[in-house]
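Novice: If you scroll down you'll find the structure; I have some questions about it.
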Amino acid sequence: MATLSLNPRLFRFLLPAVAVLLLSSLALVAFTAYSRDAIIPSLDDLKGFVSHAGSKPDRRPPNDRPPPRYKPVPEWLPPPIKDPFPLLANTFDAKPPPIPSYNIPRPDLHKEYNLTQAPPLFIGFTRQWPMLLQCVVSYITAGWPADQIYVVENTGVHGYNKAGKLSLQNPFYLNHTTLNRLGVQVIQTPVLLTFAQLQNFFLDIAYERGYEYYMYSHQDIVVFSFEDGRDDYERGGDRPPELDDDEDQDAILNPKGAHEPGYRTIYENCLRELRYVLDKGERWAFRWFQYDYLTLVNREAVDAVGGWDVMIPYYSSDCDMNSKLLMDGWTVKHRRAGHINDVSSVITDLAVFYRDPRAGKPEFSDPNPLPPDEEERISKAKEEEELKAKEEAVAKAEEEEAARIAEGGEAEKKDGEQEPTSKLKREGEMPSDPLEYFRILNKVGVDMGQYKYRDKSNLRNTWQLSQRGGQGEPYYYDPMGFVAGFTAQIDVGRRVFTEKWGHRGCDLIGDTSLRLEDQWRVEHDWDEPEE
């Protein structure tokens, strides 16, 4: 039987080579697995249960205590998000398309309104990059100067976003390169701030840079200018504007469209509003556009009442601030400057905001869809509600028709119902005319708002749970743990507000006779339960 023998000198040469080849193969496998997980997170990664402790020593306390009981793995998880502006995200040194010519802001537009400064727009960001990017793009394409938009990065990850160290699935991910390509400026908070602290940070920036007036915006909105003039769509958060006289009413409620002389973008309308309130000589604090989704701020007023109360970190902080301002004689009013849609979904390709026909028809998706059975329940309940409303409307119309005929009138001739033009066009190719394109895009924005409120207000903030990745990255925080801590702080803030004013409820002006100096000095105004 033949035997295989190796020369000892040859064996000593081959052994190191085989070892190097084996180690290289293992490294390649490990790198491939890491790269794959970094680009397309696995289900375990999304669930937040991937532990990197396998490569680290076990640091459990050296005692005989039983191991902790872990929470069950969620049965439903949102899909991985995609960057909604692939042109800027995936193309080296790409530039955004041109915005509609009639929305290009004129240089130094604020000077046309005798304003020495253009009020900056602050948009605070903590989580969910696609929502922020959509908001910013909608402002720019609606005519807001990009260099007047300041994204305030309030993530608490210090410089790691700017250094590109966070992945897309990380809730705190922010792409500085994309924002720079859009011409937007980024200001970074030193640490993660609450809502009240962030508002005071805006105030601090205003002092530091000499802004007497500034604006702030929520990130979960989509804005448009009145490109097609007035529309009668109902939008979430709508408030009737407070008007002064017939001229003011005409300017606010009957805006000129982009095809008419006198057209103003949402940005120009905000400049006009600032000039208008300054000329009135009013002691004003806030001007709200769709409540506080977009807000014009008078720095002097916020400063006069001591800023935002940091002991009320989130919800109820607005109740506290608004009440303090009104008690101190400052005005806060609802006004109108453009179409503002409160949304929880993201358009799949943000190039549509630039009216680029190559981007296809505008479609939106939910970054954190509900489980199918829950969505089906909501959809069924909504269908029943709409059917009931339709039946009631038909019955009312028949009664009115019968009454008209009884009075000697003729029956109305009814043509077959036709779908709205916007819906018909959405099913075909997008038009090349920017205004026709806008009508379709505007309707999509309305649909996005209606989707957010499809279960009344119960689903307003579901988008905040759409990213579940980032394990092992700098300053990682468990997404579900973040929400739990956030919710706890909301509850604490509401309790602080109640104790501060001795009253349950937001409307201190309408429900009480409290004064500004009564803070923390009054007893509860409700009956305490007997022990």
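Novice: Taking region 270-287, which residues are of a type outside the set (Asp, Glu) and either in a helix (DSSP H, G or I) or under 24 Å from residue 255 (Cβ atoms) (or both)?
Specialist: Residues satisfying the conditions are 270, 271, 272, 274, 275, 276, 277, 278, 280, 284, 286, 287.
Novice: Hey, residue 253 hits all of (1) among the aliphatic types (A, V, I, L, M); (2) farther than 17 Å from residue 330 by Cα; (3) open to solvent by less than 10 Å² (accessible area, probe 1.4 Å) but one; which does it fall short on?
Specialist: So the condition that residue 253 fails would be (3).
Novice: Just give me the residues in region 194-212 being part of a loop (DSSP other than H, G, I, E, B) and either free of Cβ contacts under 8 Å to residues at least 60 places away in the same chain or touching a Gly at 6+ places or on another chain (Cβ under 9 Å) (or both), in sequence order.
Specialist: 194
Novice: What number of residues within region 121-133 satisfy the criterion of being open to solvent by less than 20 Å² (accessible area, probe 1.4 Å) and in a loop (DSSP other than H, G, I, E, B)?
Specialist: Residues that pass the stated criteria total 1.
Novice: Aliphatic (A, V, I, L, M), closer than 26 Å to residue 448 by Cβ, in contact (Cβ under 8 Å) with a residue 12 or more places away in the chain and open to solvent by less than 30 Å² (accessible area, probe 1.4 Å), is that true of residue 118?
Specialist: no
Novice: Out of region 213-248, which residues are over 15 Å from residue 445 (Cα atoms) and outside any loop (DSSP other than H, G, I, E, B)?
Specialist: Across region 213-248, the qualifying residues are 213, 214, 215, 216, 217, 246, 247, 248.
Novice: If you go through region 162-182 one residue at a time, do you hit one that is open to solvent by 10 Å² or more (accessible area, probe 1.4 Å), out of contact with any helix residue (DSSP H, G or I) (no Cβ under 6 Å at 6 or more places or on another chain), farther than 21 Å from residue 467 by Cα and in a strand (DSSP E or B)?
Specialist: Checked against the condition, which is being open to solvent by 10 Å² or more (accessible area, probe 1.4 Å), out of contact with any helix residue (DSSP H, G or I) (no Cβ under 6 Å at 6 or more places or on another chain), farther than 21 Å from residue 467 by Cα and in a strand (DSSP E or B), region 162-182 yields no hits at all.
Novice: In this structure, does residue 151 turn out to be within 15 Å of the chain's Cα centre (by Cα) and either free of Cβ contacts under 8 Å to residues at least 40 places away in the same chain or in a loop (DSSP other than H, G, I, E, B) (or both)?
Specialist: Yes; evaluated as a whole, the condition is true for this residue.
Novice: Condition (residue is β-branched (Val, Ile, Thr) and assigned to a loop (DSSP other than H, G, I, E, B)) applied to region 288-310: is it met by at least one residue?
Specialist: Scanning region 288-310 turns up at least one residue that is β-branched (Val, Ile, Thr) and assigned to a loop (DSSP other than H, G, I, E, B).
Novice: Do we have residue 483 as under 22 Å from residue 350 (Cβ atoms) and of a type in the set (A, V, I, L, M, F, W, C) here?
Specialist: No.
Novice: Residues being free of Cβ contacts under 8 Å to residues at least 40 places away in the same chain, over 28 Å from residue 301 (Cα atoms) and open to solvent by less than 70 Å² (accessible area, probe 1.4 Å): count how many of those fall in region 213-250.
Specialist: 1
Novice: Separate question: Does residue 196 satisfy the condition of being more than 26 Å from residue 266 (Cβ to Cβ) and among the small types (Gly, Ala, Ser)?
Specialist: Yes; evaluated as a whole, the condition is true for this residue.
Novice: Among the listed residues 58, 45, which satisfies the condition of being open to solvent by less than 80 Å² (accessible area, probe 1.4 Å) and either at pLDDT below 85 or in contact with a Pro (Cβ under 7 Å, 6 or more places away or on another chain) (or both)?
Specialist: Of 58, 45, the one residue that is open to solvent by less than 80 Å² (accessible area, probe 1.4 Å) and either at pLDDT below 85 or in contact with a Pro (Cβ under 7 Å, 6 or more places away or on another chain) (or both) is 45.
Novice: Okay, moving on. Can you tell me which residue in region 452-466 is modelled with the highest pLDDT, limited to those that are over 15 Å from residue 76 (Cβ atoms) and touching a Leu at 6+ places or on another chain (Cβ under 8 Å)?
Specialist: Checking each candidate, the answer is 452.
Novice: Filtering region 100-115 down to residues that are surrounded by 11 or more Cβ atoms within 10 Å (Cβ to Cβ) and assigned to a loop (DSSP other than H, G, I, E, B), which residue is modelled with the lowest pLDDT?
Specialist: Filtering first and then ranking leaves 100.
Novice: What number of residues within region 328-371 satisfy the criterion of being closer than 30 Å to residue 285 by Cα, under 19 Å from the mean Cα position of the chain (by Cα) and assigned to a loop (DSSP other than H, G, I, E, B)?
Specialist: 4
Novice: Next question, about the same structure. Among the listed residues 97, 80, 68, which satisfies the condition of being part of a loop (DSSP other than H, G, I, E, B), open to solvent by less than 90 Å² (accessible area, probe 1.4 Å) and more than 29 Å from residue 167 (Cα to Cα)?
Specialist: None of the others qualify; the one that does is 68.
Novice: Right, next: For residues that are outside any loop (DSSP other than H, G, I, E, B) and in contact (Cβ under 8 Å) with a residue 24 or more places away in the chain, scanning just region 499-531, find the one that is surrounded by the most Cβ atoms within 10 Å (Cβ to Cβ).
Specialist: Ranking the qualifying residues of region 499-531, first place goes to 501.
Novice: Identify all residues within region 498-531 that are polar (S, T, N, Q) and closer than 20 Å to residue 311 by Cβ; write none if there are none.
Specialist: Correct list: 498, 512, 519.
Novice: Identify the residue in region 195-204 that is of a type in the set (S, T, N, Q) and surrounded by fewer than 20 Cβ atoms within 10 Å (Cβ to Cβ) and, among all such residues, is farthest from residue 481 (Cα to Cα).
Specialist: Selected residue: 200.
Novice: Taking into account only those residues within region 256-287 that are under 30 Å from residue 438 (Cα atoms) and acidic (Asp, Glu), which is most open to solvent (accessible area, probe 1.4 Å)?
Specialist: That would be 260.
Novice: Right, here's the next one. What is the number of the single condition among (1) in contact (Cβ under 8 Å) with a residue 40 or more places away in the chain; (2) under 16 Å from residue 214 (Cα atoms); (3) buried (at least 20 other Cβ atoms within 10 Å of the Cβ) that residue 301 does not meet?
Specialist: Unmet condition: (1).
Novice: Here's another thing I want to ask about it. Within region 183-193, restricting attention to residues that are part of a loop (DSSP other than H, G, I, E, B) and not β-branched (Val, Ile, Thr), which residue is nearest to residue 139 (Cα to Cα)?
Specialist: 183
The values are calculated or read from the model by the stated rules, or taken from the named source; none is laboratory data. Predicted model only: the values in this text are computed from it and were never measured. Methodologically, a virtual Cβ is constructed for each residue, glycine included, from the backbone with ideal geometry; neighbour enumeration extends over all protein chains shown. Only protein heavy atoms, including side chains, enter the accessible area calculation; ligands, DNA and RNA are left aside. Shrake-Rupley method; radii C 1.70, N 1.55, O 1.52, S 1.80 Å.
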